[in-house]
Amino acid sequence: MTATFTKVVIAVVVVVVLKLGWKLLNWAWLMPKKLEKLLREQGYKGNSYKPITGDIMELAKMTKEARSKPMSISHDITQHVLPYEHHILNKYGKKVYMWFGPKPRVLIRDPQLIKDILSRPNEFQRPQHEPLRDSIVGGLVVSEGEKWTKHRHIINPAFHLDSIKSMFSAICLSCSEMIKKWELLTAESVLRKSMCGPYIDNLAGDVISRAAFSSSYEEAQRIFRIQKEQMELMIQLLFIIYLPGGRFIPTRANKKFQENRNKLQDLARGIVEKRKKAIEMGEPNTNNDLLGILLESNSKESKESGVGMSIEDVIEECKLFYIAGSETTSTLILWTLVCLSLHREWQTKAREEIMQVFGTGELHFEGLKHLKIVTMILNEVLRLYPPAPMALRATHKDTKLGDMTIPSGVNVIIPILHVQHDHDIWGDDAREFKPERFSEGVANATKGRGSASFLPFGGGPRICIGQNFALTEAKVALTKIMQRFSFELSPSYKHSPFVMFSLSPLYGAHLILHNI
């Protein structure tokens, strides 16, 4: 009996080991080689698959090397920002793939194909598991299908033009407070070198704190400070997090990151539950902030359809407000200051327009639509320095795209930075700062190649819901800055665009401010 039982146990163990072994072999070798063969048959080129690691080691090496030193001051930044993607495109041409571990990623640069991908979000979804993304953001960014549709419908009212207009005074107040700090910087001298990055970061955090959570301003500021620390910790965890079980490795950075995640959850929950209780007790949303509008919209949806967002869903959206709302806008403002410091003739043109519309007085919401030159400048900065240099999509079945079929299991990269710097789309001056290309709108700027040639906020049904909020904040900040200061790059400025959550200046933005 014992011998029989032992044989059964051994047989079960052998079967389990064989199954696991087969799964491992299929994941690490058989499936990647099958996908490689299918891609090559359709004309794609790339490196031969290396077991498990793929191209990651080479990618990591080139990325580390690029970030180890600044580049010369130029808007031709693709090789510095995405060195491996740049290398693989130069080596194999436009129809290429690369290996991210055992999973191939094809790079799609044709605007018509990109438009097709972005217009079919149910077929080309965001990857279900992306460690770097999932460690920082949730909410609409990671939702799919019916959940995304429901949440987008509920959140939309918070970003309508009327809602943004109601937050305009809060945006202006935050910008005015930053200007006062800058005036103190320049009080003792005509020229003063300023590290503007921290001030702009704080401005963006301050704006989102007031506009999203006005009645919980102090708690919201704590969220901002913790999320900024999380971004810094992510740099240390950049490659550890992609290892299986990497988030459980007990490094100091990993422990602090997990501790901060718990703090963020508790802080956000406290703000949301406090406001939810106030609304249930009949208190009006007198401040018209994002959280209040979201909760009212959610309550209305729950009553009408019986299904709304859970408290956890609302918390995730609030955390997303912060990281996306502050990070994207602060980098846009910083790169605009850098570009206007390099091209001071456009700084002069923008200031003349601002003085014509507002003079040196207070801003009014309706005046923003008359800032044509400022809008052209912002579009050109977004083209040269897009907040997200690439977008990643996943296929879950064999999917037709143009005249090819993307095999199930292959991810798709939309290299936004490369597309927006492409000479074939934008002309021979594609890597030069020329805001005049947007003088007649985006369609004319892309020479008829379509809206998918310009994707700073994404495209299709999933285009960034907060783009109008970000552009409003950027216009207000730039207007108030240029009413009071002219500026130029400091000799200590180092040009090094760097990707974490968004494309940022790695060494900050050192400017010399002049009172006017």
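Only residues that are among the small types (Gly, Ala, Ser) and either in contact with a Cys (Cβ under 9 Å, 6 or more places away or on another chain) or not in a loop (DSSP other than H, G, I, E, B) (or both): list them for the stretch 488-516, please.
Step one: of the stretch 488-516, the residues among the small types (Gly, Ala, Ser) are 490, 492, 496, 502, 504, 508-509.
Hits for the stretch 488-516 are 504, 508, 509.
Identify the residue in the stretch 59-88 that is within 30 Å of residue 26 (Cβ to Cβ) and touching a Ser or Thr at 6+ places or on another chain (Cβ under 9 Å) and, among all such residues, is surrounded by the most Cβ atoms within 10 Å (Cβ to Cβ). Step by step, filter the stretch 59-88, then rank; the result is 85. Screening the candidates 369, 434 for the property of being surrounded by fewer than 14 Cβ atoms within 10 Å (Cβ to Cβ) and farther than 20 Å from residue 89 by Cα yields one hit, 369. Quickly run through the stretch 477-498 and pick out the residues that are buried (at least 22 other Cβ atoms within 10 Å of the Cβ) and under 23 Å from the mean Cα position of the chain (by Cα). Result: 477, 478, 497. Just to be sure I understand, how many residues within the stretch 411-464 are closer than 30 Å to residue 102 by Cβ, in a loop (DSSP other than H, G, I, E, B) and hydrophobic (A, V, I, L, M, F, W, C)? Residues flagged as closer than 30 Å to residue 102 by Cβ, in a loop (DSSP other than H, G, I, E, B) and hydrophobic (A, V, I, L, M, F, W, C) within the stretch 411-464 amount to 1.
How do the pairs read when you match residues in the stretch 100-115 that are more than 16 Å from residue 60 (Cα to Cα) and touching a residue at least 40 places away in the same chain (Cβ under 8 Å) with residues anywhere that are surrounded by fewer than 19 Cβ atoms within 10 Å (Cβ to Cβ) and of a type in the set (S, T, N, Q), using Cβ under 9 Å and keeping only pairs 6 or more apart or on different chains? These pairs meet every condition: 111/451; 115/451.
Looking at the stretch 262-286, which of its residues are in a helix (DSSP H, G or I) and either touching a His at 6+ places or on another chain (Cβ under 9 Å) or surrounded by 16 or more Cβ atoms within 10 Å (Cβ to Cβ) (or both)? Even if it seems obvious, please write down each step before you answer.
Initially, the stretch 262-286 is screened for residues in a helix (DSSP H, G or I), giving 262-280.
Hits for the stretch 262-286 are 264, 267, 268, 271, 272, 275, 276, 279.
Selection of first residues in the stretch 492-516 that are over 28 Å from residue 183 (Cα atoms) and of second residues that are surrounded by 21 or more Cβ atoms within 10 Å (Cβ to Cβ) and among the acidic types (Asp, Glu), restricted to Cβ pairs under 8 Å at least 6 apart or on distinct chains, gives the following pairs, ordered by first then second residue: 501/327; 502/327.
None of 470, 474 is under 21 Å from the mean Cα position of the chain (by Cα), in a helix (DSSP H, G or I) and at pLDDT 95 or above except 474. Considering the stretch 452-469, the residues that are more than 18 Å from residue 153 (Cα to Cα) and among the aromatic types (Phe, Trp, Tyr) include one that is surrounded by the most Cβ atoms within 10 Å (Cβ to Cβ), namely 454.
Taken as a whole, the stretch 118-130 holds no residue that is at pLDDT below 90, buried (at least 20 other Cβ atoms within 10 Å of the Cβ), under 27 Å from residue 295 (Cβ atoms) and not β-branched (Val, Ile, Thr).
For (1) crowded, with 22+ Cβ neighbours inside 10 Å; (2) hydrophobic (A, V, I, L, M, F, W, C); (3) modelled with pLDDT of 90 or more, each residue gets a yes or a no:
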site	(1), (2), (3)
403	no, no, yes
419	yes, yes, yes
430	no, yes, yes
441	no, no, no
500	no, yes, no
511	yes, yes, yes
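The values are calculated or read from the model by the stated rules, or taken from the named source; none is laboratory data. All of these numbers come straight from a predicted model, not from anything done at the bench. Ideal geometry is used to build each Cβ from the backbone, glycine not excepted, and the neighbour counts take in all protein chains shown.
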